2 protein chains.
Amino acid sequence: MKLTESREKFINAWGTLGTSWGINRTMAQVHALLLISADALTTEEIMEELNISRGNTNMNVRTLIDWGLVQKELRAGERKEYFVAEKDIYKVFKQIAKERRKRELEPIFKVLDEVKKVDGDKRDKNIKAFVDTIEQIERFTTKADRTLETLIKADENWLMGSFMKLMK
Amino acid sequence: MKLTESREKFINAWGTLGTSWGINRTMAQVHALLLISADALTTEEIMEELNISRGNTNMNVRTLIDWGLVQKELRAGERKEYFVAEKDIYKVFKQIAKERRKRELEPIFKVLDEVKKVDGDKRDKNIKAFVDTIEQIERFTTKADRTLETLIKADENWLMGSFMKLMK
DNA sequence: ATAAACTTTCAGAAAGTTTTGAAAGTTCGG
DNA sequence: CCGAACTTTCAAAACTTTCTGAAAGTTTAT
């Protein structure tokens, strides 16, 4: 398979994967493109490679920068901005985990906390079913969250070490 | 806060969370409703509680059954089907992980495998950047996948034990 | 065999999300 | 301060996904 074809295939696959993880297709594709490019790219180059508009490119590159997955690179004597992706895949997953934790897990914790203060007799089976479920979810997610936090803070070797241990 | 209000709040939060994880909002809401209900519910009851159509209810309940998160419950002498959710939250997350692994990780492995067989001189920096990235992703995802598989197969206590260890 | 009680399907409508592209904004050298 | 080179914004359009509800299908009792 030719490089061009392989690249295209990978970019598409990454875009599809992104979609089912709640990340928009184009954002995932821009990320994939930058990941596999040896050099930093300009807006113009991204537009051309992916056949997308300037506005779309700008918006998605900006989001990737917000997520800490892409950085601007300035070149002496040039006006244009160049973009490079973080190439270390561990860092990439760590960043994503961090971002999503903030955007998704934190709000749910807030709701769980609020919602479990339901009033009424705990012997009522409907109240009991509700409270029990909420508490179980809270216990589980708190544990999962702490684990995630540990992983996020940990350095790469530690991360690998933990995975290794888990795998026995 | 009244039970009705709490329930509604939780159902909505769960629905929103689902959305950002690529699970459709209604499916997540039906799941939430069944999770917090003391008794099994009929299609009719789900329709009424969530204000959704018969077709929509049927489709989403069916998908939840496919995912192994909900079961049919038949009652002697009754024609209607009753639905109950798996209440053990560990099992719920395990099932979801299993499902998504099959639908999302497996296809990406296939692509990575295909795509890394790119032809051309490995000293070309573009080919090198591409192949290096693909290999890194493959190594990482394979490890993550094995860990996931181990977790899926493991029983609940083992799962908790592992989490505990990770948390130190 | 029929009818009642249910469940499933599916085409079109509605809702939600993403993309475009032109216009507005910014920055910098001279 | 001007104009060229770029970046950002945003309303409208295109696309995607989800939902509705009526019709078709299935099952069971008699």
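The values are calculated or read from the model by the stated rules, or taken from the named source; none is laboratory data. Small disclaimer: the values here were computed from a predicted structure and weren't measured. When we count neighbours, we look across all protein chains shown, and the Cβ atoms used for this are built from the backbone with ideal geometry, even at glycine.
When the residues of the range A:45-58 are filtered to those that are within 23 Å of the chain's Cα centre (by Cα) and near DNA strand C (Cβ under 6 Å from one of its atoms), the one that is nearest to A:ILE23 (Cα to Cα) is A:ASN56.
Taking (1) modelled with pLDDT of 90 or more; (2) facing chain A (nearest Cβ under 10 Å); (3) surrounded by fewer than 19 Cβ atoms within 10 Å (Cβ to Cβ); (4) more than 11 Å from DNA strand C (Cβ to nearest atom) in turn, B:GLU104 satisfies each apart from (1).
Listed here are the residues, each with its yes/no results for (1) modelled with pLDDT under 95; (2) more than 10 Å from chain A (Cβ to nearest Cβ); (3) in a helix (DSSP H, G or I); (4) buried (at least 19 other Cβ atoms within 10 Å of the Cβ).
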position: B:GLU8; (1), (2), (3), (4): no, no, yes, no
position: B:TRP14; (1), (2), (3), (4): no, no, yes, yes
position: B:GLY18; (1), (2), (3), (4): yes, no, yes, yes
position: B:ILE23; (1), (2), (3), (4): yes, no, no, yes
position: B:ALA28; (1), (2), (3), (4): no, yes, yes, yes
position: B:HIS31; (1), (2), (3), (4): no, yes, yes, yes
position: B:GLU44; (1), (2), (3), (4): no, yes, yes, no
position: B:GLU48; (1), (2), (3), (4): no, yes, yes, no
position: B:VAL61; (1), (2), (3), (4): no, yes, yes, yes
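The residues of the range A:33-42 that are in a helix (DSSP H, G or I) and without any contact (Cβ under 8 Å) to a residue 40 or more places away in the chain amount to a single one, A:LEU33.
Between A:LYS94, A:LYS125, A:LYS117, which is basic (Lys, Arg) and either closer than 27 Å to B:ASP145 by Cα or within 20 Å of the chain's Cα centre (by Cα) (or both)? Walk me through it before giving the result.
Working: A:LYS125 fails: either closer than 27 Å to B:ASP145 by Cα or within 20 Å of the chain's Cα centre (by Cα) (or both); A:LYS117 fails: either closer than 27 Å to B:ASP145 by Cα or within 20 Å of the chain's Cα centre (by Cα) (or both).
Exactly one residue qualifies, and that residue is A:LYS94.
Residue count for the range A:64-88, restricted to those that are in a helix (DSSP H, G or I) and either within 14 Å of chain B (Cβ to nearest Cβ) or away from DNA strand C (no atom under 15 Å from the Cβ) (or both): 1.
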